[in-house]
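S.K.: Can you read through this structure? Questions will come right after.
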Amino acid sequence: MEPIRVEVDGREPTVAELSHALLSSYGHFTAMQVRGGRVRGLELHLSRLADASRELFGASLDVGRVRGLLGHAVRGVPDASVRVNVYRREELMTVVCVRPPALPPAAALRLRSVPYVRPAAHLKHVGGFGQRYFGERARAEGFDDALLVDAGGAVCEAASANIAFFDGAALTWPSSPHLPGTAMQLLKPLLRSVDARVGLAELGSFRSAFVANSIGVAAVAAVDDVRFDVDAELMRAVADAEASIPWDVI
């Protein structure tokens with residue numbers, strides 16, 4: 001999707017600023033969907049940026065200012081996909097990229113397991129080559145995306161989403177290293193679920209699965225050669241839970 005607008009600290013970026021963002025592999029971001037000038041889990045997005053800025057840069061990020069920068073960037077664009085990146089030059093630099101809105105996949109996904117754990121998996125950092133690489137490899141093999149698995153054979157997360165497995169009674173979210181996505185954090189309190197290790201060899205014991213990120217939720221039809229039921233009742237319950245999450249004014 002071509003960007004509608006890119007701003008650095010609330011203004012048109014300079015060549016030097018764009019060069020820094022383009023060439024730097026050390027930074028972090030959050031991505032969100034805006035509808036009617038509102039965002040689900042806005043405070044989670046802002047907290048993510050503040051926490052990562054402290055960890056990566058040892059610096060305090062003014063989240064009130066970032067909220068203002070976000071509002072400025074989406075002016076006149078009520079519905080959008082927005083990504084907020086934070087880098088450090090002399091000071092922290094906030095880049096807001098506004099693109100057309102995105103929708104979750106309409107069909108259930110087929111995932112290809114790959115042996116990869118994102119470095120510093122708890123952070124949404126800009127070093128996403130590995131997950132993109134394996135995602136492209138999975139698509140070349142006829143799958144929709146990659147499923148990241150650690151060296152011990154435990155499921156971590158999908159390449160760009162969290163995944164939950166359903167045994168007919170409760171959801172299990174894999175506890176191996178993963179990004180605590182905003183969608184997952186918002187859904188967990190609304191659905192009966194636990195966090196636990198999920199071994200790749202154990203997937204056959206689950207009936208259904210779905211992925212969730214800020215774009216939305218989508219059923220999973222298979223991981224490798226393990227097939228799952230696309231449970232209409234489960235997906236309705238997840239959709240109802242998602243629909244009950246309030247939209248926060250930017």
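The values are calculated or read from the model by the stated rules, or taken from the named source; none is laboratory data. Nothing here was measured: the structure is a model prediction, and the numbers come from that model. Glycine gets a Cβ as well: all are built from the backbone with ideal geometry, and neighbour counts include every protein chain shown. Quick note on the areas: whole protein, heavy atoms, side chains included, nothing else; ligands and nucleic acids left out. Shrake-Rupley method; radii C 1.70, N 1.55, O 1.52, S 1.80 Å.
S.K.: Out of all the residues in region 183-201, is one or more closer than 20 Å to residue 110 by Cα and charged (D, E, K, R)?
M.R.: Taking every residue of region 183-201 in turn, none turns out to be closer than 20 Å to residue 110 by Cα and charged (D, E, K, R).
S.K.: Looking at the structure I just gave you, is residue 134 open to solvent by less than 30 Å² (accessible area, probe 1.4 Å), modelled with pLDDT of 95 or more, among the aromatic types (Phe, Trp, Tyr) and touching a strand residue (DSSP E or B) at 6+ places or on another chain (Cβ under 7 Å)?
M.R.: Numbers: open to solvent by less than 30 Å² (accessible area, probe 1.4 Å): no; modelled with pLDDT of 95 or more: yes; among the aromatic types (Phe, Trp, Tyr): yes; touching a strand residue (DSSP E or B) at 6+ places or on another chain (Cβ under 7 Å): yes.
The answer is no for residue 134.
S.K.: Starting from residues that are outside any strand (DSSP E or B) and open to solvent by 30 Å² or more (accessible area, probe 1.4 Å), keep the ones in region 40-54 and report whichever is farthest from residue 82 (Cα to Cα). Walk me through how you get there before you give the answer.
M.R.: Step one: list which residues in region 40-54 are outside any strand (DSSP E or B), which gives 41-54.
After this cut, where a residue has to be open to solvent by 30 Å² or more (accessible area, probe 1.4 Å) as well, the list is 43-44, 47-48, 51, 54.
Working: 43: 15, 44: 15, 47: 16, 48: 15, 51: 19, 54: 22 Å.
In this case the residue turns out to be 54.
S.K.: Scan region 55-70 and tell me whether some residue there is open to solvent by less than 20 Å² (accessible area, probe 1.4 Å) and assigned to a strand (DSSP E or B).
M.R.: No, there is no match, as no residue in region 55-70 is open to solvent by less than 20 Å² (accessible area, probe 1.4 Å) and assigned to a strand (DSSP E or B).
S.K.: Does residue 32 satisfy the condition of being within 28 Å of residue 130 (Cα to Cα), more than 19 Å from the chain's Cα centre (by Cα), at pLDDT 95 or above and not polar (S, T, N, Q)?
M.R.: On the way: within 28 Å of residue 130 (Cα to Cα): yes; more than 19 Å from the chain's Cα centre (by Cα): no; at pLDDT 95 or above: yes; not polar (S, T, N, Q): yes.
It is false that residue 32 is within 28 Å of residue 130 (Cα to Cα), more than 19 Å from the chain's Cα centre (by Cα), at pLDDT 95 or above and not polar (S, T, N, Q).
S.K.: Also: Which of the residues belonging to region 10-39 are of a type in the set (Phe, Trp, Tyr) and open to solvent by less than 50 Å² (accessible area, probe 1.4 Å)?
M.R.: Let us first name the residues in region 10-39 that are of a type in the set (Phe, Trp, Tyr), namely 26, 29.
Once the filter is applied, which keeps residues that are of a type in the set (Phe, Trp, Tyr) and open to solvent by less than 50 Å² (accessible area, probe 1.4 Å), region 10-39 yields only 29.
S.K.: Are any residues in region 154-176 assigned to a loop (DSSP other than H, G, I, E, B) and of a type in the set (Ser, Thr, Tyr), and if so, which ones?
M.R.: First, the residues of region 154-176 that are assigned to a loop (DSSP other than H, G, I, E, B): 159-160, 167-170, 175-176.
Matches in region 154-176: 160, 175, 176.
S.K.: Quick test of your reading of the structure: residue 242 fulfils all but one of (1) open to solvent by 20 Å² or more (accessible area, probe 1.4 Å); (2) farther than 18 Å from residue 32 by Cα. Name the failing condition by number.
M.R.: With (1) open to solvent by 20 Å² or more (accessible area, probe 1.4 Å); (2) farther than 18 Å from residue 32 by Cα applied to residue 242, the lone miss is (2).
S.K.: Is it the case that some residue within region 198-220 is open to solvent by 60 Å² or more (accessible area, probe 1.4 Å), farther than 30 Å from residue 77 by Cβ and in a strand (DSSP E or B)?
M.R.: no
S.K.: Within region 71-87, can you find the residues that are open to solvent by 60 Å² or more (accessible area, probe 1.4 Å), out of contact with any Cys (no Cβ under 6 Å at 6 or more places or on another chain), farther than 12 Å from residue 9 by Cα and in contact (Cβ under 8 Å) with a residue 24 or more places away in the chain? Before you say what the answer is, go through the steps one by one.
M.R.: Initially, region 71-87 is screened for residues open to solvent by 60 Å² or more (accessible area, probe 1.4 Å), giving 72, 75-76, 78-79, 83.
Next cut, out of contact with any Cys (no Cβ under 6 Å at 6 or more places or on another chain) only: 72, 75-76, 78-79.
After this cut, where a residue has to be farther than 12 Å from residue 9 by Cα as well, the list is 75-76, 78-79.
Residues satisfying the conditions are 78, 79.
S.K.: Sort out which residues of region 118-131 are within 18 Å of residue 174 (Cβ to Cβ) and surrounded by fewer than 19 Cβ atoms within 10 Å (Cβ to Cβ), and write them in order of number. Even if it seems obvious, please write down each step before you answer.
M.R.: Filtering region 118-131 down to residues within 18 Å of residue 174 (Cβ to Cβ) leaves 118-124, 130-131.
The answer is 119, 120, 121, 122, 123, 130.
S.K.: Would you check which residues across region 150-176 are under 16 Å from residue 219 (Cβ atoms) and surrounded by fewer than 17 Cβ atoms within 10 Å (Cβ to Cβ) and list them?
M.R.: If the condition is that a residue be under 16 Å from residue 219 (Cβ atoms) and surrounded by fewer than 17 Cβ atoms within 10 Å (Cβ to Cβ), then 167, 168 are the ones that fit.
S.K.: Among the numbered criteria (1) open to solvent by 50 Å² or more (accessible area, probe 1.4 Å); (2) under 27 Å from residue 135 (Cα atoms), which single criterion is violated by residue 95?
M.R.: The one condition residue 95 does not meet is (1).
S.K.: Which residue, of 179, 147, is crowded, with 22+ Cβ neighbours inside 10 Å and either touching a Lys or Arg at 6+ places or on another chain (Cβ under 7 Å) or not in a strand (DSSP E or B) (or both)?
M.R.: Numbers: 179 fails: crowded, with 22+ Cβ neighbours inside 10 Å.
Residue meeting the stated conditions: 147.
S.K.: Tell me, which strands (runs of 3 or more DSSP E) wholly within region 76-120 include 1 or more residues that are over 30 Å from residue 155 (Cβ atoms)? Can you show your working first?
M.R.: On the way: elements: 80-88, 92-99, 109-115.
By residue number, 80-88, 92-99.
S.K.: Determine whether residue 140 is buried (at least 20 other Cβ atoms within 10 Å of the Cβ), farther than 24 Å from residue 238 by Cα and aliphatic (A, V, I, L, M).
M.R.: Values: buried (at least 20 other Cβ atoms within 10 Å of the Cβ): no; farther than 24 Å from residue 238 by Cα: yes; aliphatic (A, V, I, L, M): yes.
Criteria not met by residue 140.
S.K.: Does residue 232 satisfy the condition of being open to solvent by 50 Å² or more (accessible area, probe 1.4 Å) and either at pLDDT 95 or above or at positive phi (or both)?
M.R.: Working: open to solvent by 50 Å² or more (accessible area, probe 1.4 Å): yes; either at pLDDT 95 or above or at positive phi (or both): yes.
Here the answer is yes, as residue 232 does meet what is asked.
S.K.: Let me ask another. State all residues of region 182-195 that are aliphatic (A, V, I, L, M) and in a loop (DSSP other than H, G, I, E, B); if no residue qualifies, say none. Outline the logic, then answer.
M.R.: Taking region 182-195 first, the residues aliphatic (A, V, I, L, M) are 183-184, 186-187, 190-191, 194.
Answer for region 182-195, where residues must be aliphatic (A, V, I, L, M) and in a loop (DSSP other than H, G, I, E, B): just 191.
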